[in-house]
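This report concerns only the one structure given below.
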Amino acid sequence: MLRIILIVCTLLMATFVVAKDHQCSVNLKDDIIITKQQIQVKGASGNLQITPDGEVTFNNKVLPLTPMQREHAVAYQSVVRADLPWIKQHTEQKLVEAKQILDNLVIRVMGQDSQVRNRLNTLKQNLDKQIDKVIEQRADSLIFHHQQLKTIEADSRILLNESLGGILQDSINEMGRKQLLTGGDANQSLQNLLGGLSGLQQDLELEWKKKGNNFRQFGQQVCHKIAHMEQLRIDLLKKLK
């Protein structure tokens, strides 16, 4: 039964701590704010603002730019505008995918009316909120909160531990009730219950074998995009000096 929890944790956690789990060598140390008018990168490296046409303000000072400097500024802000929304969108999609895999297994093993499905819905909603803490979508902006990266994994694991304990207990209770309703001796009912849990574990392991590479590849994509964004920022600041 513990094995079931570990598999589920792996499947869900892979969706939004991928960069950390894939040993991404880059840690973003700045908040990033995207609006129609500009991108703003502020934090350890100062306060950098870039408009879509490449005008640059650094620490509240408008910088005169050469054509090449402006070209690099435009390229950097274009990548930020494309990649941060991509990371948020695809992380949410992976979370939906992980939840759907589990939901389908619960329906097949325990039925449409299983309470476990409600717990999965609640868990997904709570994990969505964790994603929003890091990349927050507002009406007129998208904001990356770099400080939230320090707490999201720990907070999310707490959510998972709390939810999955209930999921496991519901699974045992529901399978146990089904065995009691079928009648028969207690030993046979216990064997059937353990067989049902074993079957659920095997199904989860099979799904993870099929989907695991997909989640790992996504983690590598996220890491690559983060590293690329950060390198462009570093290169731009060097060119502005």
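The values are calculated or read from the model by the stated rules, or taken from the named source; none is laboratory data. In this text the structure is predicted, and so the values were computed from the model without any measurement. Ideal geometry is used to build each Cβ from the backbone, glycine not excepted, and the neighbour counts take in all protein chains shown. Note: areas computed on protein heavy atoms with side chains; ligands, DNA, RNA excluded. Shrake-Rupley method; radii C 1.70, N 1.55, O 1.52, S 1.80 Å.
So the values come out like this:
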quantity: Relative compactness, segment 52-104, computed as alpha-carbon Rg over 2.2 N^0.38 Å; calculated: 1.85
quantity: For segment 18-148, with +1 on Lys and Arg beta carbons and -1 on Asp and Glu, the positive-most of LEU105, ALA82, SER141 along the dipole; calculated: LEU105
quantity: Three-way shape call for segment 14-137 based on the alpha-carbon gyration tensor, with the a/c threshold at 1.5; calculated: prolate
quantity: Solvent-accessible area, 1.4 Å probe, carbon plus sulfur percent, for segment 94-137; calculated: 43 percent
quantity: Per-residue HN-Hα couplings for segment 36-52 [Karplus 6.51, -1.76, 1.60; θ = phi - 60°; Hz; x = Gly/Pro]; calculated: 4, 7, 6, 10, 10, 10, 9, x, 4, 9, x, 10, 10, 10, 9, 7, x
quantity: About the Cα centre, charge dipole magnitude for segment 93-164 (Lys/Arg +1, Asp/Glu -1 at Cβ), debye; calculated: 140 debye
quantity: Ranked packing of 50-62, 76-88, most packed first, by mean Cβ within 10 Å; calculated: 76-88, 50-62
quantity: Candidate lysines for bridging to LYS129, where Cα separation is under 26 Å - those fewer than 8 sequence places away on the same chain excluded; calculated: LYS20, LYS29, LYS36, LYS42, LYS88, LYS94, LYS99, LYS150, LYS211, LYS225
